[in-house]
Ligand SMILES: Cc1ncc(COP(=O)(O)O)c(C=O)c1O
């Protein structure tokens, strides 16, 4: 048989997905397994969104519609960008796609060529470097650490510039750390982006999920020059508990928006109409659902941070946004359990799943070994029960 395309060898299933698959298999086998792995809110999709989808199906809106999204949804997203982010993307420059992940993929397809360098502050969402590599680009992982709040600064970005630098990917609030960039930090990065004529992909999927005094700022709102170079990506999955509906949206400079539209026209055409009608209803309602989500997740965050603080040796980064706790587990690397040494964060995650029936995600999945990510988006009782297992698992690794 002839070989697969070379690019197929440059992409692999994410470890996050692999652990989730094992968790689901154990669950299907009837094991009492719990998960702090998947990045998915536990709340149900708002009823008005579900009803709008059902109504659209009953009304027969089940045929092909516009490639870049239903005009009504693009209008709603355009208004949302103006209202919440101070961004003026006309509907023509907005593309509705199958989740923010699809928006990222479309954007990278339209921008990244062989050899292009894409700058990615790390730890980062696993999909960014995988897709860049898949497309023949070079992901340039710019390390950040806990001491600097897991945020890239302008000096480090400037130092990484080469003639091949093409695009900076920002994700604030961020997965896996929950770091949120403030306006001054974004301004400093925007200056470098403009100075070096880069593009900036701003993934704002966790926009509404911020805690305490943290405030989300869209980098594209910081001036005409950065707006002209920024692709702003967001979606319905996190704030509206609509992960399975697969609706994300992109606001892009006109030429790029047109290219993404053409790519989508031959790739997936458009996301399911029913999902788009659900998104229209969700965006048309007041903010009470995202507010409820934020306050629920704030309670979860408090519980998770309290429970993690009680586990000896874990150094926890307090997240200002998103719904993950990211912590340093160096105190446990090198520990052993029944003759097996915990050499990596993946070893510890496998141990927790095999021995304590608890799914978690290793820091290595996000480009930072020696850390672990848990998602605290869960019912409080279920979260507490899962954290019992986490604590028991870590304590069992401590020397007797
Ligand atoms: C940073 C980031 N961007 C995008 C996504 C994907 O969102 P969607 O469900 O809209 O594809 C995720 C999901 O985990 C994420 O963490």
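Read the figures in this text as sums done on the coordinates, not as results from a lab. What you see is a predicted model; the values in this text were computed from it and never measured. Because the Cβ atoms are built from the backbone with ideal geometry, glycine has one as well, and the counts that use them run over all protein chains shown.
For region 1-145, what class follows from the C-alpha gyration tensor (a ≥ b ≥ c being the square roots of its eigenvalues): rounded when a/c is under 1.5, otherwise prolate if a/b is larger than b/c, else oblate?
oblate
Between residue 344 and residue 21, with labels modelled 7 Å along Cα→Cβ, what's the label distance in nm to one decimal, could you check?
It is 1.6 nm.
Once a ≥ b ≥ c are taken as the square roots of the eigenvalues of the Cα gyration tensor of region 48-286, is the result rounded (a/c under 1.5), prolate (a/b larger than b/c) or oblate (a/b not larger than b/c)?
prolate
Please report how far the C-alpha centroid of region 360-396 lies from that of region 295-324, rounded to the nearest whole angstrom.
For region 360-396 versus region 295-324, the Cα centre distance is 10 Å.
Once both axes come from the Cα atoms, what is the angle between helix 254-267 and the longest principal axis of the chain, in degrees from 0 to 90, rounded to 10?
In the chain, helix 254-267 runs at an angle near 70 degrees to the longest axis.
Please give the helix 183-195 orientation as an angle from the longest Cα principal axis of the chain, in degrees from 0 to 90, rounded to the nearest 10.
Tilt of helix 183-195: around 60 degrees.
Just to confirm the number: angle between the C-alpha axis of helix 345-356 and the first principal axis of the chain, 0 to 90 degrees, nearest 10?
Roughly 70 degrees between the two axes.
Could you check the spin-label model distance between residue 8 and residue 302? Points 7 Å from the Cα along Cα→Cβ, value in nm.
Taking the two extended label points, one gets 5.2 nm.
Do me a favour and compute the ellipsoid semi-axes for the chain from its Cα gyration tensor, root of five times each eigenvalue, largest one first, whole Å.
Computed over the chain, the values are 33, 26, 21 Å.
Which value in deg cm²/dmol, rounded to the nearest 500, describes the helix-derived mean residue ellipticity at 222 nm for the chain, given -39,500 (n - 2.57) per DSSP H run of n ≥ 4 and division by the residue count?
-12500 deg cm²/dmol
Taking 0.36 nm per residue of separation and subtracting the Cα-Cα distance, what length does fully extending residue 337 through residue 158 add?
60.0 nm
Can you tell me the length gained on complete extension of the stretch residue 188 to residue 228, counting 0.36 nm per residue apart and subtracting the Cα distance?
12.7 nm
Under a point spin-label approximation (7 Å from Cα along Cα-to-Cβ), what is the residue 255-residue 395 distance to one decimal in nm?
6.2
Relative contact order for the chain using alpha-carbon pairs under 8 Å, separation at least 6, rounded to a whole percent?
Across the chain, relative contact order equals 23 percent.
In terms of the Cα gyration tensor, with a ≥ b ≥ c the square roots of its eigenvalues, is region 1-60 rounded because a/c is under 1.5, prolate because a/b exceeds b/c, or oblate?
The shape class here is oblate.
If you take the beta carbon distance between residue 196 and residue 67 as r and set R0 to 35 Å, what does 1/(1 + (r/R0)^6) give as a FRET efficiency, to the nearest 0.05?
0.60
In what sequence do 349, 300 fall when counting other Cβ within 10 Å, fewest first?
Ordered by Cβ neighbours within 10 Å, fewest first: 300, 349.
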